[in-house]
Amino acid sequence: MQFAELVAEYERLEATSKRLEMRQILVDLLRKVSAKELPALVYMMQGELRPEFEGVELGVADSLAARAVAQATGAPEKSVAESLRTTGDLGTTAGQLLPKRAARLDADPLRVHEVYEAFGRIATASGAGSQELKVRTLVELLARSTPSEAKYLVRFALGKLRLGVREMSIVDALSFAFADGSKEARAAVEAAYNRSSDLGLVAEHVAKDGVPGVNKIPIRVGRPIRPMLAERSPDLADALRRMEGKAALEYKYDGLRVQAHVPEQGPVQLFSRRLESISTQFPELVKELPAAVHRRPAIVEGECVPVDPETGELRPFQEVSRRRGRKYDLERMQEEVPVRLFLFDVLLDHGTPTVDEPFPTRRRLLESAVHGTERVHLATQKVVDSEADAEAFFEEAIAAGCEGVMVKSLAAGSTYRAGARGYWWIKYKREYTHALADSVDGVVVGAFYGHGRRGGRYGALLLAVYNPDEDRFESFCKVGSGFDDATLETLPAKFKPFEVPEKPESVLTELVPDVWLRPAVVMEVRGAELTLSPIHRAGVGKIRPDAGLALRFPRFTGRWRDDKDAETATTTAELISLYRSQVRQISSANAGEESA
Ligand code: ATP
């Protein structure tokens with residue numbers, strides 16, 4: 001396929017916010033591309049070269065791309081910088097400057113696979129001369145491109161493609177393009193994605209053999225499985241009722257979720273909740289896991305928690321986040337912030353997938369596969385069938401330094417639901433005794449300049465929850481408290497890469513911040529209560545027409561949720577259910593007062 005054809009579709013995708021239209025564009029595109037180019041097209045649609053968990057980065061810095069634009073267009077670097085100041089987007093700048101060159105007109109048209117391969121060379125270039133090679137490769141592409149092609153080439157190189165096509169829209173389109181688009185077909189494609197986390201692979205299989213093709217994609221060591229997620233309950237009695245009176249309760253450790261892939265031989269790989277590779281950050285776990293997990297190959301899941309090196313007691317979560325994203329001082333950090341991994345599930349046991357087994361079977365397999373070591377342990381668990389026992393276990397968990405308990409179903413249907421949130425797991429935290437049952441993980445979509453003491457810096461951020469049905473971000477609060485001075489200082493730089501000139505298509509709000517931000521960064525906030533609001537748009541119309549939900553007195557907890565991306569933030573549905581549980585609690589408190 002010619003790259004120009006793909007770019008024409010990119011432009012159509014950017015111009016629409018209608019889901020059905022977007023799906024049709026995607027379906028046509030997927031059908032049009034050759035089998036050879038299909039995976040590349042799917043990755044490139046998401047602004048990637050490979051599935052995200054492989055961590056392949058293009059590594060093209062702004063300055064490098066600007067140099068390539070100058071060389072390819074023949075414009076002096078100064079003019080590129082000037083144009084960039086007005087457009088705010090180097091892709092647009094490249095498009096604008098390019099027509100000034102005439103020679104390009106008879107150039108050989110670019111093809112999708114050529115572009116993909118060229119970016120592959122850019123991504124793998126390293127060592128001496130690699131910067132020059134990156135610039136040269138980009139110049140060669142730009143020299144053969146039209147202004148529109150140049151715009152997207154540059155955006156892609158900088159990791160700023162942002163077509164607004166989310167992974168679930170691609171899943172949807174694949175089921176229409178290569179199967180009958182029925183609910184069953186979509187479920188099969190989604191399930192294959194949930195167990196492989198690789199949309200290019202899924203595309204290749206569904207294109208070749210339809211639904212039977214994707215059903216054959218196996219769970220494999222090295223390919224992370226999308227995590228199963230928990231619902232909330234207002235209290236333990238409610239949680240137990242949902243489990244028909246009997247459930248397994250586990251300590252809810254407050255740390256980082258880790259999916260460990262332990263091959264028969266060779267290095268262990270660790271993935272975060274977002275499925276990024278984090279192996280290099282926890283070398284001691286990588287080393288110790290083969291000694292702890294006996295039936296290999298295996299995939300196990302657990303929570304990585306900081307511990308006191310002297311006493312072995314659990315430490316606050318924030319400490320382990322100091323080890324995230326680190327490239328240096330890894331040895332020193334192992335000693336400064338020692339961790340333990342508490343395993344709570346097994347997804348592959350001795351090479352056999354266990355995700356379709358009910359939870360009691362998985363726990364039994366986990367217990368026989370794992371022999372505790374210094375750093376690797378099993379999550380503490382107890383099966384309970386009374387509220388009193390559940391409360392006692394909860395108190396024990398809190399006393400041990402955990403944030404609450406996970407209540408897990410023992411039913412025959414309690415399989416591992418990759419990528420899904422449901423009542424098979426219920427989280428119940430200590431804070432649920434506060435006015436508002438839980439904290440909310442909001443996506444930052446805008447920033448407001450501060451006044452007075454905060455002049456020149458950001459004074460507040462506009463937060464949204466994610467609505468997967470509409471694929472949009474709906475505002476629910478403006479948060480200005482809970483930031484210390486040091487954090488405030490860093491906000492403009494932290495958000496700089498996400499600045500966009502106007503409100504992103506996917507954001508729904510009545511507020512207009514000073515700076516719009518592409519939904520990407522997730523932060524945890526807590527508030528007094530959820531109320532109905534004419535300004536905020538979270539769940540608008542779901543409770544009352546024209547009113548959305550707003551969080552009163554929001555406060556930053558100090559926790560950036562780097563382990564979450566925009567689409568894994570709190571959802572609109574979760575916010576509505578928090579609102580409803582709050583209404584229920586208030587009405588039962590009122591009922592109590594009345595009867596007293
Ligand atoms: P969610 O993962 O539900 O989107 P979240 O990331 O904010 O939300 P929590 O609300 O704290 O996380 O609850 C779920 C998380 O609890 C799991 O993703 C996992 O990291 C952690 N966890 C700790 N102990 C356990 C356990 N025993 N079983 C399952 N998960 C546990």
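The values are calculated or read from the model by the stated rules, or taken from the named source; none is laboratory data. These numbers were taken from a predicted model, which means no experiment stands behind them. Cβ sites come from the backbone with ideal geometry, for glycine too, and all protein chains shown count toward neighbours. These area figures cover heavy atoms from the full protein model, side chains too; ligands, DNA and RNA do not enter into them. Shrake-Rupley method; radii C 1.70, N 1.55, O 1.52, S 1.80 Å.
The table below lists the values:
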{"quantity": "Accessible-area composition of the range 290-371, carbon plus sulfur, in percent [1.4 Å probe]", "calculated": "46"}
{"quantity": "Rough spin-label spacing in nm, given labels placed 7 Å along Cα→Cβ, for R430 and S63", "calculated": "4.7"}
{"quantity": "Euclidean distance of C-alpha centroids, the range 474-508 and the range 267-307, integer Å", "calculated": "33"}
{"quantity": "S17-R544 pseudo-label distance in nm [points 7 Å out on the Cα-to-Cβ vector]", "calculated": "2.5"}
{"quantity": "Stretchable slack from T311 to S130, in nm (0.36 nm times residue separation minus alpha-carbon distance)", "calculated": "60.4 nm"}
{"quantity": "For the chain, the fraction of alpha-carbon pairs in successive 20 Å shells from zero, as %", "calculated": "18, 51, 28, 3, 0"}
{"quantity": "Spatially proximal lysines relative to K246 (Cα-Cα < 17 Å; intrachain offsets below 8 disregarded)", "calculated": "K382, K408, K427"}
{"quantity": "Lys, Arg +1 and Asp, Glu -1 on Cβ, resulting dipole of the chain about Cα centre, debye, nearest 20", "calculated": "1100"}
{"quantity": "Alpha-carbon centroid distance for the pair the range 529-545 / the range 349-385, whole angstrom", "calculated": "42"}
{"quantity": "Tilt relative to the chain, helix 3-15 - C-alpha long axis, 0 to 90 degrees, to 10", "calculated": "50"}
{"quantity": "Of all accessible heavy-atom area on the range 190-267, the percent that carbon and sulfur account for (1.4 Å)", "calculated": "46"}
{"quantity": "Pairwise Cα inverse-distance average, inverted: Kirkwood Rh of the range 191-344 (Å)", "calculated": "17.6"}
{"quantity": "Residue-averaged 222 nm ellipticity for the chain, from DSSP H runs of 4+ at -39500 (n - 2.57), nearest 500", "calculated": "-12000 deg cm²/dmol"}
{"quantity": "Loop sites in the range 147-217: trypsin sites (Lys or Arg not before Pro), DSSP, at most 13 other Cβ within 10 Å", "calculated": "K216"}
{"quantity": "Cross-link reach list, lysines versus K542, counting only Cα pairs under 22 Å and skipping chain neighbours closer than eight places", "calculated": "K18, K478"}
{"quantity": "Estimated FRET transfer efficiency when R0 is 30 angstrom, pair E374-T490 (beta carbons, to 0.05)", "calculated": "0.25"}
{"quantity": "Share of carbon and sulfur in the accessible heavy-atom surface of the range 48-158 [1.4 Å probe, %]", "calculated": "51"}
{"quantity": "Convex hull volume per residue for the range 229-432, taking Cα atoms only, in Å³", "calculated": "109"}
{"quantity": "Potential lengthening between A8 and Q24 on full extension [0.36 nm per residue; Cα-Cα distance subtracted]", "calculated": "4.3 nm"}
{"quantity": "Gyration tensor verdict on the range 314-427 (Cα atoms; rounded if a/c is under 1.5, prolate if a/b is larger than b/c, oblate otherwise)", "calculated": "oblate"}
{"quantity": "Rg(Cα)/(2.2 N^0.38 Å) for the range 440-585, N = residue count", "calculated": "0.98"}
{"quantity": "Solvent exposure, largest accessible area first (probe 1.4 Å, DNA, RNA and ligands not counted), of D565, D28", "calculated": "D28, D565"}
{"quantity": "Cα-based helix-to-principal-axis angle, 359-369 vs the chain, degrees rounded to 10", "calculated": "80"}
{"quantity": "For the range 48-158, convex hull volume per residue from C-alpha positions, Å³", "calculated": "96"}
{"quantity": "Eligible lysines near K36 by straight Cα distance, threshold 28 Å, same-chain separation 8 or greater", "calculated": "K134, K151, K160, K183, K208, K216"}
{"quantity": "Where the chain is the region considered: accessible area per residue in Å², 1.4 Å probe", "calculated": "44"}
{"quantity": "Contour excess over end-to-end distance, with Cα ends at E184 and E54 and 0.36 nm allotted per residue", "calculated": "43.9 nm"}
{"quantity": "Theoretical FRET efficiency, 1/(1+(r/R0)^6), r = Cβ-Cβ of E82 and Y449, R0 25 Å, to 0.05", "calculated": "0.50"}
{"quantity": "Approximate spin-label separation K382-K503, in nm, with each point projected 7 Å along Cα-to-Cβ", "calculated": "5.2"}
{"quantity": "Cβ-Cβ FRET estimate between D209 and H113, R0 fixed at 25 Å, reported to 0.05", "calculated": "0.65"}
{"quantity": "Sparse-neighbourhood loop sites, trypsin sites (Lys or Arg not before Pro) in the range 1-78 - DSSP loop, at most 12 other Cβ within 10 angstrom", "calculated": "K18, K36"}
